[in-house]
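Heads up: the structure comes next, in structure tokens.
The values are calculated or read from the model by the stated rules, or taken from the named source; none is laboratory data. This one's a predicted model, so the numbers in the text were calculated from it and none came from an experiment. FYI the Cβ positions are ideal-geometry reconstructions off the backbone, even for glycines, and counts take in every protein chain you see.
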Amino acid sequence: MKEYNLVIVGVGGQGILTLSSIVAEAALAEGYDVKTSEIHGLSQRYGHVPCHVRFGSRMYSPLVREGEANLIVCLEVLEALRACYYGSKENKTTFLIDTFKVPPLSVSITKQKYPSIKKIVSEVKKFSTKVLTVNASEMVEKETGSTVMTNTYIVGYASAKKLIPLKKKSLLEGIKKVVPEEYFDINKRIFELASA
Amino acid sequence: MPKEILSNDVGKRIILLGNEAIVRGALESGVQFASTYPGTPASEIGDTFAGIAKEGGIYFEYSTNEKVASEAAAGAALSGIKSIVSFKQYGLNVASDSVMPLAYIGTNAGMVIAVADDPSCWSSGQSEQDSRYYARLAHLPMLEPSDPQECKDFVKIAFELSEKFMLPVFVRLTTRVSHTRGIVKLGKIIKSEKKGKFVKDFEKYFNLPPRIIERHEELLDKIERVGEFSEKTGINYVVNKNSKTKFGIVVSGVSFNYVMEAFDELKLKIPVLKLGLTYPLPEKMIKNFIKRFKSVLVVEELEPILEEKIHALAKEANPKLKIFGRELLPKAGEYTIETILTAISKITGKKPNINFKAHLEKYKKLKIPERQPLFCPGCPHRATFYATKVAAGKDTIFGGDIGCYLLGIYPPFETQDFVFDMGASEGLVHGIKKVSNQKVIAFIGDSTFFHAGIPGLINIVYNKSNPLVIVMDNRTTAMTGHQPHPGTGVTGMGEKAKEIAIEDVAKACGVEDVKVVDPFNLNEMVETIREFLQKDKVSVIVAKRECHLLATRRKRKEGVKIPVFEIDQEKCKKCGICLYRFACPAIVEENGKFKIDKSICWGCGVCAQMCPAKAIHGVKE
């Protein structure tokens with residue numbers, strides 16, 4: 001495979017960096033070259049956090065460019081709109097959106113409207129060839145009492161739907177490498193739950 | 001931090017963050033001393049050292065500021081111990097005071113200064129400073145890695161170069177290098193048990209005139225010799241050497257990757273001079289490279305340092321050469337593959353597979369509500385700022401400083417009327433006070449207070465002005481990732497140390513009215529601010545309450561239950577103060593009703609104190 005471009009977006013604190021590391025480790029396990037780009041610092045506090053993961057035979061740039069993403073994972077619905085920059089019909093981008101909402105302060109205070117999920121999906125369609133929505137956070141909260149492992153669920157879901165060209169085994173290996181040892185079993189269970 | 005960073009499995013390929021690879025490079029060079037003051041995008045260098053120092057058998061410290069960190073690293077290097085110091089771009093401004101004379105004196109062991117710039121200001125505000133100028137200002141060599149593997153390799157080369165010429169050597173990073181993960185092939189870690197010794201040497205350390213003039217000449221001579229090294233080193237090299245095009249590219253730093261991607265996309269093979277050692281430049285190599293072309297594109301983020309140099313070199317080597325740079329690439333902000341593709345496409349006439357302009361037009365049509373960063377639920381800073389707004393008049397000037405609390409710049413607080421640099425809140429409000437009759441409050445963080453706040457406070461006392469200084473003491477260096485500082489009683493080695501109380505320091509500086517107030521006690525905070533604003537001398541409030549992220553982590557570990565609050569819909573008068581003036585992400589408005597999202601409420605209870613209808617209360621289990 002020449003290259004695969006993944007963009008993960010969400011709100012600071014949603015485990016975006018963990019998700020990107022899981023995919024990166026899985027790609028390394030399958031012998032690919034891999035680069036990721038992360039945002040640390042100020043914007044982490046409830047800000048918009050974009051993270052890029054690229055793998056393939058030889059990767060130079062850590063950044064996915066405009067319209068080049070194969071898959072865009074959105075851990076928050078509104079952020080799917082912002083991520084449209086990376087999607088295009090030309091490159092057959094797929095969007096995988098968790099229907100979880102974190103209303104930004106601009107919505108709560110200045111009364112800008114948080115668009116409906118239907119509206120967001122219809123806009124996102126203009127920048128992609130496939131849009132999948134899943135209420136991952138809800139499922140994970142129901143299962144574990146918190147939304148912390150939503151990122152693992154999303155990886156499991158993407159793997160089951162064959163959205164990421166990496167083996168299930170490698171992704172689980174990635175999880176093993178990235179999450180603290182004592183949480184591996186529960187993460188594995190959430191991963192499997194998403195694949196069911 | 002990856003578990004394998006200390007692995008001695010030579011040849012193994014592991015994924016490291018650029019900043020982690022800097023640490024690995026230092027370990028493979030036999031470093032024994034590391035120091036820093038945290039600052040993103042460089043923070044993870046120090047944090048990685050903190051994570052491995054004990055096991056790795058080296059010494060690491062979070063110094064009180066970057067100047068002290070550099071001096072400590074210099075002290076180690078003068079005593080014959082290899083050292084590394086790291087900080088962000090503004091950190092180098094602070095450290096420059098000690099770096100300049102150190103360049104003249106030189107070291108007695110390898111010393112590397114890792115500095116991380118932040119084009120596009122992803123992790124910082126203030127300015128897009130280009131630290132490459134410092135290499136020229138100090139006459140110290142500078143290396144610029146473009147990815148994590150090079151981060152590791154270049155630190156090793158920097159140590160070798162440093163030992164060879166006994167000069168500190170800069171390794172300059174940018175956000176997209178520091179915060180890129182990539183595959184790094186491990187080398188051997190060199191552990192050293194060497195004990196340092198400072199040897200008196202009048203000849204070496206005497207730095208007064210007229211000797212210092214000779215020393216300047218010696219330094220310039222050294223740099224000339226490093227220039228010869230620059231011509232031969234493998235980290236300055238040409239890609240696509242045999243391509244016969246009349247157009248070439250000169251590039252340094254992360255942009256090299258974008259250039260290579262652009263070739264892939266445009267199916268081009270153009271010669272590229274990739275520069276890894278960018279000061280002193282390999283002038284002969286550059287002249288040799290540019291002489292065969294009709295045009296070259298110079299690709300470097302921020303200031304046109306290479307471009308100007310190439311203009312000068314071309315006068316001799318190829319006077320007719322057309323040099324593209326600034327005119328085709330952005331003057332401010334980081335480069336992206338899009339900007340590079342567009343520039344190369346303009347010169348070569350080849351088109352990328354997507355029309356960026358049309359795509360961008362389409363994207364810009366989307367209506368996306370902004371998402372600005374926010375104080376976390378339970379953040380003590382939010383409570384302090386709320387109290388300030390209640391207590392201080394509309395005309396009060398709020399001096400801002402560097403830390404999480406600078407988020408007070410946004411509505412609804414707007415309690416950072418200006419934000420300059422570390423410690424500047426005090427210096428500036430003093431000046432304002434001296435020339436105006438305005439009421440002023442300086443906000444400064446705990447770590448910032450130790451970093452640069454003490455001289456400012458003494459200046460206020462000694463030169464007699466009467467601002468109120470509020471130290472936002474959240475018991476950690478929060479913004480950069482919760483590093484300890486002298487007020488926390490823990491060192492970078494994870495050892496206990498004397499906890500230095502900010503209130504004691506303030507008193508020792510001569511401030512008479514000093515009070516420690518818990519920000520979660522809203523009434524006391526409001527009353528104290530009101531009272532202190534009337535003082536005719538400087539006064540200090542230490543707003544002391546642990547960062548909620550740390551507190552929560554600790555409480556979870558200890559198994560302490562975190563209380564959760566809710567809004568009684570029958571009592572709620574829907575005034576909206578809790579949402580519009582307090583702006584807690586846990587409070588949401590749904591169909592005209594105000595609710596608390598229990599999944600993110602951290603139970604600070606401040607909203608319950610401010611609610612005029614007394615409608616907010618703890619949830620009884």
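List of remarks:
- Every residue from the stretch B:345-375 that is in contact with a helix residue (DSSP H, G or I) (Cβ under 8 Å, 6 or more places away or on another chain) and more than 10 Å from chain A (Cβ to nearest Cβ): B:S345, B:T348, B:K350, B:K351
- Meets criteria (surrounded by 18 or more Cβ atoms within 10 Å (Cβ to Cβ), at pLDDT below 95 and of a type in the set (K, R)) for B:R371: yes
- Here A:F100 meets the list (1) aromatic (F, W, Y); (2) more than 23 Å from B:G481 (Cβ to Cβ); (3) facing chain B (nearest Cβ under 10 Å) almost entirely, failing just condition (3).
- Residue list for the stretch A:127-143, restricted to those being within 8 Å of chain B (Cβ to nearest Cβ) and either touching a Gly at 6+ places or on another chain (Cβ under 9 Å) or β-branched (V, I, T) (or both): A:F127
- Residue list for the stretch B:571-593, filter: touching a residue at least 60 places away in the same chain (Cβ under 8 Å) and either more than 9 Å from chain A (Cβ to nearest Cβ) or not in a loop (DSSP other than H, G, I, E, B) (or both): B:Y580, B:R581, B:F582, B:C584, B:A586
- Among the numbered conditions (1) buried (at least 17 other Cβ atoms within 10 Å of the Cβ); (2) outside any loop (DSSP other than H, G, I, E, B); (3) within 14 Å of another protein chain (Cβ to nearest Cβ), the only one that B:T388 does not meet is (3).
- Sole exception among (1) of a type outside the set (D, E); (2) surrounded by fewer than 19 Cβ atoms within 10 Å (Cβ to Cβ); (3) within 25 Å of the chain's Cα centre (by Cα) for B:Q416, by number: (2)
- Restricting the stretch A:1-21 to residues that are among the β-branched types (V, I, T) and not in a strand (DSSP E or B) leaves a set whose member that is surrounded by the most Cβ atoms within 10 Å (Cβ to Cβ) is A:I16.
- Here is the figure for the stretch B:405-425: residues that are within 14 Å of chain A (Cβ to nearest Cβ) and among the hydrophobic types (A, V, I, L, M, F, W, C) total 5.
- Sole exception among (1) outside any helix (DSSP H, G or I); (2) under 19 Å from the mean Cα position of the chain (by Cα) for A:K113, by number: (2)
- Residue check, B:G248 among the small types (G, A, S), more than 14 Å from every other protein chain (Cβ to nearest Cβ) and part of a strand (DSSP E or B): yes
- Selected residue [within 14 Å of chain B (Cβ to nearest Cβ), over 23 Å from B:S599 (Cβ atoms) and either without any contact (Cβ under 8 Å) to a residue 12 or more places away in the chain or in a loop (DSSP other than H, G, I, E, B) (or both)] from A:S122, A:S108: A:S122
- Output for the stretch B:594-606, where each listed residue is within 14 Å of another protein chain (Cβ to nearest Cβ) and assigned to a helix (DSSP H, G or I): none
- Number of the exception - B:S127 against (1) touching a Cys at 6+ places or on another chain (Cβ under 9 Å); (2) surrounded by 24 or more Cβ atoms within 10 Å (Cβ to Cβ); (3) away from chain A (no Cβ under 14 Å): (2)
- The stretch A:22-73, subset facing chain B (nearest Cβ under 7 Å) and in a helix (DSSP H, G or I), residue nearest to A:T129 (Cα to Cα): A:A24
- Search result, residues across the stretch A:26-50 that are surrounded by fewer than 24 Cβ atoms within 10 Å (Cβ to Cβ) and touching a residue at least 40 places away in the same chain (Cβ under 8 Å): A:A29, A:E30, A:Y46, A:P50
- Close pairs from the stretch B:58-70: first in contact (Cβ under 8 Å) with a residue 12 or more places away in the chain, partner β-branched (V, I, T) and assigned to a loop (DSSP other than H, G, I, E, B), Cβ under 7 Å, at least 6 apart: B:I58/B:V31; B:E61/B:T491
- Among residues of the stretch A:84-95, those that are more than 10 Å from chain B (Cβ to nearest Cβ), out of contact with any helix residue (DSSP H, G or I) (no Cβ under 6 Å at 6 or more places or on another chain) and surrounded by 24 or more Cβ atoms within 10 Å (Cβ to Cβ), counted: 1
- Contacts under 9 angstrom Cβ, first residue in the stretch A:144-160 being free of Cβ contacts under 8 Å to residues at least 24 places away in the same chain and within 14 Å of chain B (Cβ to nearest Cβ), partner outside any loop (DSSP other than H, G, I, E, B) and not charged (D, E, K, R), 6 or more apart: A:S146/A:V140
- Single match in A:V121, A:V155, A:V179 (criterion: within 30 Å of B:L407 (Cβ to Cβ) and aliphatic (A, V, I, L, M)): A:V179
- Pairs meeting the criteria (first residue in the stretch B:490-502 and of a type in the set (G, A, S), second residue part of a loop (DSSP other than H, G, I, E, B), beta carbons under 8 Å, at least 6 apart or on different chains) are B:G492/B:P484; B:A497/B:P486; B:A497/B:G489; B:A497/B:T491; B:A501/B:G487.
- B:T396 satisfies every condition listed in (1) in contact with a strand residue (DSSP E or B) (Cβ under 8 Å, 6 or more places away or on another chain); (2) crowded, with 20+ Cβ neighbours inside 10 Å; (3) more than 9 Å from chain A (Cβ to nearest Cβ); (4) more than 30 Å from B:F324 (Cα to Cα) except (2).
- The set of residues in the stretch B:31-49 being in a helix (DSSP H, G or I) and either more than 10 Å from every other protein chain (Cβ to nearest Cβ) or on the phi > 0 side of the Ramachandran plot (or both) consists of B:I45, B:G46, B:D47, B:T48, B:F49.
- Candidates in the stretch B:1-30 are the residues that are away from every other protein chain (no Cβ under 14 Å) and in a helix (DSSP H, G or I); of these, the one that is farthest from the chain's Cα centre (by Cα) is B:L6.
Residue by residue, here is whether (1) facing another protein chain (nearest Cβ under 10 Å); (2) modelled with pLDDT under 95; (3) buried (at least 20 other Cβ atoms within 10 Å of the Cβ); (4) under 21 Å from B:F247 (Cα atoms) holds:
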position: B:I305; (1), (2), (3), (4): no, no, no, yes
position: B:A317; (1), (2), (3), (4): no, no, no, yes
position: B:A332; (1), (2), (3), (4): no, no, no, no
position: B:A343; (1), (2), (3), (4): no, no, yes, yes
